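Scroll down for the structure; my scribbles are underneath it.
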Amino acid sequence: MRDVVSAPPGSERAKKIRSIIVRTMTTLIMLALFFLIMAGGTPFVVMLVLVCQALVYREVTALFELTAQSGGRPIEGKGAEKSEDRWSKTLNWYFFAVTNYFLYGESLIHYFKHVVFADAWLTPFATNHRFISFMLYMIGFVGFVSNLKRQYLRQQFGLFCWVHMTLFLIVVSSHFIVNNILEGLIWFWVPACLVICNDIFAYVWGMSFGRTPLIQLSPKKTVEGFVGAFFTTLVFAYILGTFSMRFNYMICPGHDLGVTAWDNVECEKNPVFIWRDLPIGEPLVTILSAWARRPVTSIPVAPFQFHSVVLAAFASLVAPFGGFFASGFKRAFDIKDFGDSIPGHGGMTDRMDCQFLMGMFTYVYYSTLIRVNHVTPGSILQIVVSSLGPQEQIELYRELTSYLHGRGLLGSV
């Protein structure tokens, strides 16, 4: 009672104000770093995703602590338990490293065939990449089985399942996000900004007009905030998509890793970024002609504007459930945040929960409905190196040289 009485008046309010200031300053710093990294080029953006992925993996796997209990007391001494915990953490990070090696190795082989299969040292790793990855995983699997202890079996198998679930939800999702980046920064930039926009305006509309709870897992989320953020994000997506697609730096695939925002970038544009005239009829012709004071019979549009709105719909209606999933996760473990790596925001997982879901959708949507598959020199080189023997490769070289020489495309050989 004495402590309550002696508490300074307004201390709770001062604490909230201090928390808001810290949160705002951290947000501004993160936004500045995000824009700087985006301008630095594809390698820096990929590194950003990898760092976030590692932090999230550490936070989630840390929730599962390996303990051996029997009747409420440890079976072995503390030294043995600590040794067991160290070994389990080593295996956790080993599986993390092997999964990254496999997934990002696949990406490097797919997007940089012209480099990988043209190098004598890299070619054996590229042609045998999946076998090497599988054997590396088997080493970890054998290490896990060899270390099984009777008194730890339930916890060890629980940790094994926990780690693999985390790898699937986090590392695989991050792999899709990196693939989006390599297809063009715009496929990372726009979806990420849409999630941020929806999160901000869900808070703004919810604080201003929120009355009806949306879901029990997140009591502060309201139907009014959810609906208001949906329409706001749709408008923002149209504006951001229209603006971003004007820059080749954003829409060109990341095949040249040395390009920055200040370089002149040229590439063959995906058809979704090409403007075209959409004919319009009455009464729009009359209205727009009167407003523009000139005849207007069509309006310029680009398919990416439509795709941006589709991405916005997912970011508003489905991606927030990634956050609700994380909220349920935290309630299951009775924790407020996944960590404290970001002052005022909690852990990295608290900020990336919706982004992982958004990144997976963007990859599936792009690869299914938008990607244009071209036969490239890199893809042909991959087939030649992996499918033809040395003599067949030499024969192909001679025949191709003879063909190009006959067409006058090569000088005398």
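Inside the stretch 176-186, can you point out the residues that are in a helix (DSSP H, G or I) and farther than 11 Å from Val46 by Cβ?
Those that are in a helix (DSSP H, G or I) and farther than 11 Å from Val46 by Cβ: Phe176, Glu183, Ile186.
Conditions first: (1) modelled with pLDDT of 90 or more; (2) under 26 Å from Asp337 (Cα atoms). Ile251 passes all but one, so which condition is the exception?
All conditions are met except number (2).
Yes or no: the stretch 329-339 includes at least one residue that is of a type in the set (Gly, Ala, Ser), open to solvent by 30 Å² or more (accessible area, probe 1.4 Å), in the same structural domain as Thr27 (by the TED database) and in a helix (DSSP H, G or I).
The answer is yes, given that some residue of the stretch 329-339 is of a type in the set (Gly, Ala, Ser), open to solvent by 30 Å² or more (accessible area, probe 1.4 Å), in the same structural domain as Thr27 (by the TED database) and in a helix (DSSP H, G or I).
Against the definition (in a helix (DSSP H, G or I), touching a Phe, Trp or Tyr at 6+ places or on another chain (Cβ under 8 Å), assigned by the TED database to the domain that holds Ala54 and of a type outside the set (Lys, Arg)), how does Phe131 come out, yes or no?
Answer is no for this residue.
Give Thr222, Thr286, Thr260 a once-over and let me know the one that is touching a Gly at 6+ places or on another chain (Cβ under 7 Å), open to solvent by 30 Å² or more (accessible area, probe 1.4 Å) and assigned by the TED database to the domain that holds Gly322.
Thr260
Mind telling me which of the residues Ile186, Ile200 ends up being modelled with pLDDT of 95 or more and not polar (S, T, N, Q)?
On the way: Ile200 fails: modelled with pLDDT of 95 or more.
Matching residue, one of Ile186, Ile200: Ile186.
List, please: which pairs have Cβ atoms under 7 Å, are six or more places apart or on different chains, and start with a residue in the stretch 239-255 that is outside the structural domain of Ile181 (by the TED database) and end with one that is surrounded by fewer than 20 Cβ atoms within 10 Å (Cβ to Cβ) and assigned to a helix (DSSP H, G or I)?
none
Conditions: (1) in contact with a helix residue (DSSP H, G or I) (Cβ under 6 Å, 6 or more places away or on another chain); (2) open to solvent by 70 Å² or more (accessible area, probe 1.4 Å). Gly323 meets all but one. Number of the miss?
Among (1) in contact with a helix residue (DSSP H, G or I) (Cβ under 6 Å, 6 or more places away or on another chain); (2) open to solvent by 70 Å² or more (accessible area, probe 1.4 Å), Gly323 violates only (2).
It is to be established whether one or more residues within the stretch 187-205 are more than 19 Å from Phe361 (Cβ to Cβ), in the same structural domain as Thr27 (by the TED database) and assigned to a loop (DSSP other than H, G, I, E, B). Explain how you work it out, then say what you get.
So the first thing to find is which residues in the stretch 187-205 are more than 19 Å from Phe361 (Cβ to Cβ), and the list is 200-201, 203-205.
So of that shortlist, the ones also in the same structural domain as Thr27 (by the TED database) come out as 200-201, 203-205.
If we keep only those that are assigned to a loop (DSSP other than H, G, I, E, B) as well, we get none.
No; the residues of the stretch 187-205 include none that is more than 19 Å from Phe361 (Cβ to Cβ), in the same structural domain as Thr27 (by the TED database) and assigned to a loop (DSSP other than H, G, I, E, B).
Can you tell me which residues in the stretch 25-39 are more than 18 Å from the chain's Cα centre (by Cα) and touching a residue at least 40 places away in the same chain (Cβ under 8 Å)?
Listed by number, the residues that qualify are Met25, Thr26, Thr27.
Answer with yes or no whether Trp291 is open to solvent by 30 Å² or more (accessible area, probe 1.4 Å), farther than 30 Å from Leu214 by Cβ, hydrophobic (A, V, I, L, M, F, W, C) and at pLDDT 85 or above.
no
Leu357 versus (1) open to solvent by 30 Å² or more (accessible area, probe 1.4 Å); (2) over 16 Å from the mean Cα position of the chain (by Cα); (3) among the hydrophobic types (A, V, I, L, M, F, W, C); (4) more than 23 Å from Trp275 (Cα to Cα): which is the lone unmet condition?
If we test Leu357 against (1) open to solvent by 30 Å² or more (accessible area, probe 1.4 Å); (2) over 16 Å from the mean Cα position of the chain (by Cα); (3) among the hydrophobic types (A, V, I, L, M, F, W, C); (4) more than 23 Å from Trp275 (Cα to Cα), just (2) comes out false.
For residues that are of a type outside the set (Lys, Arg) and open to solvent by less than 70 Å² (accessible area, probe 1.4 Å), tally how many sit in the stretch 106-136.
Residues in the stretch 106-136 being of a type outside the set (Lys, Arg) and open to solvent by less than 70 Å² (accessible area, probe 1.4 Å): 16 in total.
Could you count how many residues in the stretch 193-219 are among the polar types (S, T, N, Q) and open to solvent by less than 30 Å² (accessible area, probe 1.4 Å)?
Of the residues in that region, 2 qualify.
Taking the criterion of being surrounded by 19 or more Cβ atoms within 10 Å (Cβ to Cβ) and among the charged types (D, E, K, R), would at least one residue in the stretch 229-247 satisfy it?
Among the residues of the stretch 229-247, not one is surrounded by 19 or more Cβ atoms within 10 Å (Cβ to Cβ) and among the charged types (D, E, K, R), which makes the answer no.
Check the stretch 291-310 and report whether any residue there is part of a strand (DSSP E or B) and either closer than 26 Å to Arg351 by Cβ or in contact (Cβ under 8 Å) with a residue 40 or more places away in the chain (or both). Steps first, please.
First pass over the stretch 291-310, keeping only residues part of a strand (DSSP E or B): 298-301.
Next, from what is left, pick out any that are either closer than 26 Å to Arg351 by Cβ or in contact (Cβ under 8 Å) with a residue 40 or more places away in the chain (or both): none.
No, the stretch 291-310 contains no residue that is part of a strand (DSSP E or B) and either closer than 26 Å to Arg351 by Cβ or in contact (Cβ under 8 Å) with a residue 40 or more places away in the chain (or both).
The values are calculated or read from the model by the stated rules, or taken from the named source; none is laboratory data. Model, not experiment: these values are computed from the prediction. Note that each Cβ is placed from the backbone with ideal geometry, even for glycine, and that neighbours are counted across all protein chains shown. Remember, those area values only see protein heavy atoms, side chains included, never the ligands or the DNA or RNA. Shrake-Rupley method; radii C 1.70, N 1.55, O 1.52, S 1.80 Å.
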